[in-house]
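Okay, so here's the structure we're looking at.
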Amino acid sequence: MMQVRSNKIRIEELKPGDHIYTWRFNLYTHHGIYLGDHKVIHFTSSGGSSTTSSSSSRHISVCSACQNCTDALHQLPTHQTQAPSQGGVIISCLDTFLNGGDLCRYAYSLSAQGFMTQAYSGTGTTAHSDPPNDVLHRARFLLKANGFGAYSLFKNNCEDFAIYCKTSLVEKKFTIFSRSGQVNSLTTSFLGLGSIFGGGLNGILLGGIFGGFRGILNPISMQSIYCYMFDVGIRRDFVKVPVERLVEYIHR
């Protein structure tokens, strides 16, 4: 019998460069990159305040929920002044990021079985993480430039941001699927793929590839198979793009 994965961890287990997440209202997950010293860089649709350097055009955002989040700016090398913000890439303390929720670590380098036995979509991927120093460089760069583009729930959300920081993977061209496991789960549900097995081309493909699982999979877990097929680590329509070229690549 396969066991369902749990990604909940203790604060003491955190390491700089970890991709972490927490549940919001038991409905969806919010994602970020752990910077160290109880600070998190994450991508938001709104909220907080921002700072603009007086010596350059770089834009740095920070949530304004508590003094600890404001103190997070002290580690940044430029002098800032306060200005309004509409969200984007921000830095906050770990407590504000969690907002009372559990601390969980996103899983990388999952096997097929490990991916399909996750308790929930959007909590792990088969893709491999780059070294922590590379992850932190991307997160800090995007924070200073506020350079991850406009927030989009379906194509450019907080999970997409964290996965990019961990892998530098970017889609070659637009599709209905994304880096985000949560979004891919919703998309496969909307398309009705989770209940299809044994008929037509789907049955031929899945019967041959995953036939050994027939005795233990149910209709819900069939959706996990489709999510696996569209996972960022399995697809071949993603390329690695250096963070310094990300904006240029997206708008090419």
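What whole number of Å gives the distance from the Cα centroid of the stretch 233-248 to the Cα centroid of the stretch 96-140? First find each Cα centre; the distance between them is then 18 Å. For a straight C-alpha distance cut-off of 21 angstrom, the lysines reachable from Lys8 (same-chain residues fewer than eight places away being disregarded) are Lys39, Lys166.
Solvent-accessible area per residue in the stretch 89-144 equals 39 Å², computed with a 1.4 angstrom probe and all protein chains kept. The residues neighbouring Trp23, those whose beta-carbon lies less than 12 Å from its own, together hold a net charge of +1 under the Lys/Arg +1, Asp/Glu -1 convention. Subtracting the Cα-Cα distance from 0.36 nm times the residue separation, let me have the gained length for Lys8 to His38 in nm, one decimal. Difference between extended and current length: 9.1 nm.
The values are calculated or read from the model by the stated rules, or taken from the named source; none is laboratory data. What you see is a predicted model, and the numbers here were worked out from it, not measured in a lab. Note that we place each Cβ from the backbone using ideal geometry, even for glycine, and neighbour counts take in every protein chain shown. We work out accessible area using only protein heavy atoms, side chains counted, and drop any ligands, DNA or RNA first. Shrake-Rupley method; radii C 1.70, N 1.55, O 1.52, S 1.80 Å.
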